[in-house]
There are 2 protein chains.
Amino acid sequence: MDIKNKSITSRDEDFARWYTDVCKKAELMDYSAVKGFIIYRPYGYAIWEEIQHYLDKEFKKTGHENVYLPLVINESLFQKEKDHVEGFAPECLIATIGGGQEIQDRLIIRPTSECLFCEHYSHIINSYRDLPKLYNQWCSVVRWEKTTRPFLRGSEFLRQEGHTMHASEDEARQETLRMLEIYDKMGKDLLAVPFVKGRKTEKEKFAGALETYSIEALMHDGKALQSGTTHYFGNGFSKAFGIQYLDKDGKIKNPYQTSWGVSTRLIGSIIMVHGDDNGLVLPPYVAPIQVVIVPIKMNEPGVLAKAKEIRDELINAGFRVKLDDSDKTPGWKFSEYEMKGVPLRIEVGPKDLANNCCMIHKRNDGTRTKYELNNISDLVKDLLATIHKEMYNAALKNLLANIKEVHTFEELKEVVDKCGYAKMMWCGDQACEDKIKELTNATARCIPFDQVEFDDKCPICGKKAKYVVLFAKAY
Amino acid sequence: MDIKNKSITSRDEDFARWYTDVCKKAELMDYSAVKGFIIYRPYGYAIWEEIQHYLDKEFKKTGHENVYLPLVINESLFQKEKDHVEGFAPECLIATIGGGQEIQDRLIIRPTSECLFCEHYSHIINSYRDLPKLYNQWCSVVRWEKTTRPFLRGSEFLRQEGHTMHASEDEARQETLRMLEIYDKMGKDLLAVPFVKGRKTEKEKFAGALETYSIEALMHDGKALQSGTTHYFGNGFSKAFGIQYLDKDGKIKNPYQTSWGVSTRLIGSIIMVHGDDNGLVLPPYVAPIQVVIVPIKMNEPGVLAKAKEIRDELINAGFRVKLDDSDKTPGWKFSEYEMKGVPLRIEVGPKDLANNCCMIHKRNDGTRTKYELNNISDLVKDLLATIHKEMYNAALKNLLANIKEVHTFEELKEVVDKCGYAKMMWCGDQACEDKIKELTNATARCIPFDQVEFDDKCPICGKKAKYVVLFAKAY
């Protein structure tokens, strides 16, 4: 059952269908026998590995250490912080039987690990010398979701979760902003995805957090995708879990806490920001295959040898390269690697050989250009950099064009229904937020860091406006 | 509560206690709030990361791809292969509640993933062109164990599991041997742990496998530790899960399967092969910190500057280095990093500065030598290579000295009670294996590849001997 090379639904016809078509046909994922749980296939998992490599380096550079904590949490432990348990309880998967026996203190498969980290910290933090603790964990978490969508919302997803403890409130707050900055930079450097950075409203923040910050991306269909969050907890969990340290001044204190995470959702973001009707379009630095080489008339003398020579030169220069010398037709290969979003395709045939040339196809704009075959690795380096810049700029242009100032509810409704972010002056009352949600299904995505006031009244209630806030429908 | 710098139990006094002391005091792990589940602390997790980097590279070099499959398996799916489910059923952790509702087809937290891989393979393998499939997964698995011990036997442990499918029996069999070879080489190159390679007896093989191979190490107390296994399944699962492909000859066939894995058990092996009464002794290439620099009389002019200069030079040369410039005493630092098993300690004080010298302490043999400070990175490179070789050779010598040929049951009992592997000629009947287990608690570790017959009768039953087999008590 070969599902390759069949056309996919177009984005304009049915964006949701287009999305799952791409996920399946680019072989990023497959559905498993367990409802809601997906299989991360090699091509999808390799994208996640590139994200991991990038972030792991950044985390270590900033002094973070990796750890691994259990995948289950005692129900009794989970209940220690009230807001937290209320937020997560409805979507918990719970293990009740172990080795054939009923488990007394039932085990929740981790939906997030704040409780476990806090319990651990209560044992290892004793003195101001033990602070800060800057831990990160690469793992999967489970949320029992009713409706799921590959990478965007699933019963299990892969992620990193940072959990840190600090002596001062100020240092903890700075940590949440520092990590948000790292996520934002990853968008710019690796994913070619521009984000809006901001703070979540009270209604939208993480269960148990005092403040939540997020990076929000804009998908092709005008919906927002929350792509990463950082949380400041104050010392609430710290007190609930009895984490105490002896400070320099001889006093016993509770440290201040943060947590932050991104997940395989980022893959969804890449797909929906960059993809087109031919399939995936991968930003060069996150692409598992950056260059595919397709030999034309492979059996003519010298063609395959030349293709291999190019491959070896590019691999030696550090690029991720695939030479497809299978017996499939060049046309089949072209559409296969276009579906998979490979940034560059190099075609080498007998004619090119004679002229010491090759044709190079850029996936992002579909251009096909003849180049001389001198110094191919410098050429590829430049082309990948160009593609990255073009993709980032196109996404940024789209984002900026679809953030629209609104002054009335009707304007807001039109924007969130059609194209993107409605930028509104807001009184700060949750009642107005609730009303918008009820009438339009849009939510407050964030209170952007960039606060330039443009109105003095909240268009919903008419009261004095306090913040610029962005509303959008979201995944 | 500072547990550092307190002495640990000696190995001869109580080896089991010594082991857990080292695990805790070298800060490799901690116990979590969930019984049987441990916390992999930064220093312990970093060792696992080095093992991952080594193996991931080897796996990719041999054409394997990483994937990620769900952490839960439907009970109905798990029951498809009879021997397999019988082997694992007693130690399953089962989730029965999701989002507040009872789950109809209960979910087993993966104890191993053969069933999930087979189910996935049944969807993606259709033609001989789809073979071989060479997948690997980095994950944790759960086995509900009654008695647990850090890294050796735990309710959850980290591991990799390879799952492959092949067109021919021969290719699949070769895969199991190829991967065993990679594990063995890792022992030699990275862990400085020599293994005995061999085939498991029928009694000891993996649930559902036709053949299991293993690498077996010898701990300081004379017990064996199974450190990695590879399994050949034939096409049993393949048939049970309906995995079929159309071969070149136009016939529908079932592919042949293997699986193979190593886990954080390897950390236990490192501890118990190399450790001593001062704590951990880490082989240089797997050590998270390869060199610690301890400045002596840190406040005297030039000392700290010199220490930093050495650190920077070594970091630039690619070593993992820590300069401890905290206000703790040098003596405290010495025993701290000895406990943590750091291979090399460089001491720099005012006197050394004047002579352009430094003292270097080798953790593995406790020697302390003065060296000139010229070309420190070449010196460190050589010393680390020497340490690795010394550690491997010492472990190999110990292994070989404790494999003893036995000709009677009494000899066997003496060997397994005192020191290590009893090498016996065996009739091949499980009855004799069972009898040995019953009377000595030793098990057949493997039928070593190296078969040099030295007797013609099985000492247990007196029947004709068929194989050389190694018996030992094991973790």
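The values are calculated or read from the model by the stated rules, or taken from the named source; none is laboratory data. Since the structure is predicted, the reported quantities are computational estimates derived from the model, not experimental observations. So basically every Cβ, Gly included, is an ideal-geometry build from the backbone, and we count neighbours across all protein chains shown. Ligands, DNA and RNA are excluded from the accessible area calculation, which covers all protein heavy atoms including side chains. Shrake-Rupley method; radii C 1.70, N 1.55, O 1.52, S 1.80 Å.
Between helix B:330-339 and chain B, what is the angle of the helix's C-alpha long axis to the longest principal axis, kept within 0 to 90° and rounded to the nearest 10?
10 degrees
Give me the dipole magnitude in Debye, nearest 20, for chain A about the Cα centre, with unit charges on the beta carbon: positive for Lys and Arg, negative for Asp and Glu. Can you show the working numbers first?
Values: 67 positive and 70 negative charges, 47 e Å.
Computed about the Cα centre, the dipole is about 220 debye.
What accessible surface, in Å², does a 1.4 Å probe find on A:SER122, ignoring ligands, DNA and RNA and rounding to the nearest 10?
Per-residue accessible area (A:SER122): approximately 30 Å².
Along the three principal axes, how long is region B:110-168 when you take its alpha carbons, biggest first, rounded to the nearest angstrom?
Each principal axis gives a Cα extent; for region B:110-168 these are 46, 18, 16 Å.
Given the -39500 (n - 2.57) contribution per DSSP H run of 4+ residues, what per-residue ellipticity at 222 nm results for the protein assembly as shown, rounded to the nearest 500 deg cm²/dmol?
After summing the helix terms and dividing by the residues of the protein assembly as shown, the value is -10500 deg cm²/dmol.
Relative contact order for region A:27-165 using alpha-carbon pairs under 8 Å, separation at least 6, rounded to a whole percent? Don't jump to the answer; show the numbers that get you there.
On the way: 182 pairs, mean separation 34.9, N = 139.
It comes to 25 percent, rounded to a whole number.
Arrange the peptides B:67-77, A:185-195 so that the one whose residues have, on average, the most other Cβ atoms within 10 Å appears first. The partial results should precede the final answer.
Values: B:67-77: 23.5, A:185-195: 21.8.
Those peptides, ordered most packed to least, come out B:67-77, A:185-195.
For chain A, just give the cysteines left without a disulfide-compatible partner, judged by no other Cys Cβ under 4.7 Å.
Result for chain A is A:CYS23, A:CYS92, A:CYS115, A:CYS118, A:CYS139, A:CYS357, A:CYS358, A:CYS419, A:CYS432, A:CYS446, A:CYS461, no neighbouring Cys Cβ within the cutoff.
So how tilted is helix A:409-418 from the main axis of chain A? Cα-based, degrees 0 to 90, rounded to 10.
With rounding to tens, the tilt is 40 degrees.
When you look at the Cβ of every residue in B:97-109, what mean number of other chain Cβ atoms sits within 10 Å?
5
In whole Å, what are the extents of region A:104-215 along the principal axes defined by its C-alpha atoms, from largest to smallest?
Here the Cα extents, ordered largest to smallest, are 44, 43, 28 Å.
For region B:344-402, what does the equivalent ellipsoid look like in terms of its semi-axes, each the square root of 5 times an eigenvalue of the Cα gyration tensor, given largest first in whole Å?
Numbers: eigenvalues 171, 26, 7 Å².
Semi-axes, largest first: 29, 11, 6 Å.
State to the nearest 20 debye the size of the charge dipole of region A:356-410 about its Cα centre, where the only charges are +1 on K and R beta carbons and -1 on D and E beta carbons. Before the final figure, lay out the partial values.
Details: 8 positive and 7 negative charges, 35 e Å.
Result for region A:356-410 is approximately 160 debye, rounded to the nearest 20.
Please give me, ordered by residue number, the GluC sites (Glu not before Pro) of region A:5-67 that lie in loop per DSSP and have at most 14 other Cβ atoms within 10 Å.
Details: sites: A:GLU13, A:GLU27, A:GLU49, A:GLU50, A:GLU58, A:GLU65; in loops: A:GLU13, A:GLU27.
Passing sites in region A:5-67 are A:GLU13.
Working with all protein chains in place, sort A:PHE206, B:PHE59 by solvent-accessible area computed with a 1.4 Å probe, largest first.
Descending accessible area places them as A:PHE206, B:PHE59.
Only bridges with both residues in chain B count here: give the DSSP antiparallel percent, nearest 5.
Approximately 80 percent, going by the DSSP bridge assignments.
Dividing the Cα convex hull volume of the protein assembly as shown by residue count, how many Å³ per residue is that? Mind dumping the intermediate values first?
Values: hull volume 187.0 nm³, N = 950.
About 197 Å³ per residue, rounded to a whole number.
Express as a percent, rounded to the nearest 5, the fraction of DSSP beta bridges in region B:245-386 (both residues included) that run antiparallel. It would help to have the intermediate numbers written out before the result.
Values: 12 of 20 bridges.
If I count the DSSP bridges inside region B:245-386, around 60 percent turn out antiparallel.
Got the A:SER377 label distances to the other copies yet, label 7 Å along Cα→Cβ, in nm, shortest first?
Here the equivalent label points are 2.0 nm apart from this one.
What figure, in Å² to the nearest 10, do you get for the accessible area of A:LYS197 with a 1.4 Å probe and non-protein molecules left out?
That residue has around 50 Å² of solvent-accessible surface.
How well do other chains shield peptide A:136-148, expressed as the mean number of their Cβ atoms within 10 Å of each residue Cβ? Please report the intermediate quantities before stating the final value.
On the way: counts 1, 2, 3, 3, 5, 1, 7, 2, 7, 2, 2, 0, 0.
Neighbouring Cβ atoms belonging to other protein chains average 3 per residue here.
Under the rule of at least 5 residues apart or a separate chain, name every residue whose amide H is placed under 5 Å from the amide H of A:ARG445.
A:LEU470, A:PHE471, A:ALA472
Can you list the lysines whose alpha carbon sits under 21 Å from that of A:LYS82, skipping same-chain ones fewer than 8 residues off?
Within the straight-line limit of under 21 Å, A:LYS82 reaches these lysines: A:LYS200, A:LYS203, A:LYS205, A:LYS239.
So for region B:195-319, considering every pair of alpha-carbon atoms, how many percent are separated by more than 25 Å? Numbers along the way, then the final one.
Working: 4379 of 7750 pairs.
Value for region B:195-319 (Cα pairs over 25 Å): 57 percent.
Between copies, how close do the B:GLN174 label points come, placed 7 Å along Cα→Cβ, listed in nm from shortest?
5.9
Return one number: the angle in degrees, 0 to 90 and rounded to the nearest 10, between the long axis of the Cα atoms of helix A:114-124 and the longest principal axis of the Cα atoms of chain A.
Its long axis makes an angle of about 70 degrees.
Got the A:GLU414 label distances to the other copies yet, label 7 Å along Cα→Cβ, in nm, shortest first?
9.8
Report D for chain A in µm² per second (integer): Stokes-Einstein, Kirkwood Rh on Cα pairs, 37 °C, 0.692 mPa s. Display every interim value, and only then the final one.
Details: Rh = 24.5 Å.
Estimated via Stokes-Einstein, D reaches 134 µm²/s.
Considering only protein heavy atoms, with the full assembly of protein chains and a 1.4 angstrom probe, order B:ARG345, B:ARG17, A:ARG173 by accessible area, largest first. Each step should come with its number before you reach the end.
Details: B:ARG345 15, B:ARG17 135, A:ARG173 75 Å².
Sorted by accessible area, descending: B:ARG17, A:ARG173, B:ARG345.
Along its principal axes, what span do the Cα atoms of region B:1-102 show, with the longest given first and each in whole Å?
51, 41, 31
If you count, for every residue in B:382-395, the Cβ atoms of partner chains within 10 Å of its Cβ, what is the mean?
Working: counts 0, 0, 0, 0, 0, 0, 0, 0, 0, 0, 0, 0, 0, 0.
Other-chain Cβ atoms within 10 Å of each residue's Cβ, averaged: 0.
Over chain A, what is the relative contact order in whole percent, taking alpha-carbon pairs under 8 Å and six or more residues apart? Walk me through the intermediate numbers first.
On the way: 943 pairs, mean separation 65.9, N = 475.
Normalised by residue count, the contact order of chain A is 14 percent.
Can you send over the solvent-accessible area of A:GLU309, 1.4 Å probe, protein chains only, in Å² to the nearest 10?
Accessible surface of A:GLU309 is approximately 100 Å².
Evaluated at 25 °C with a viscosity of 0.890 mPa s, what Stokes-Einstein diffusion coefficient in µm²/s does region A:281-384 have when Rh comes from the Kirkwood expression over alpha-carbon pairs? Could you put the intermediate results ahead of the total?
Details: Rh = 13.4 Å.
So the translational diffusion coefficient is about 183 µm²/s.
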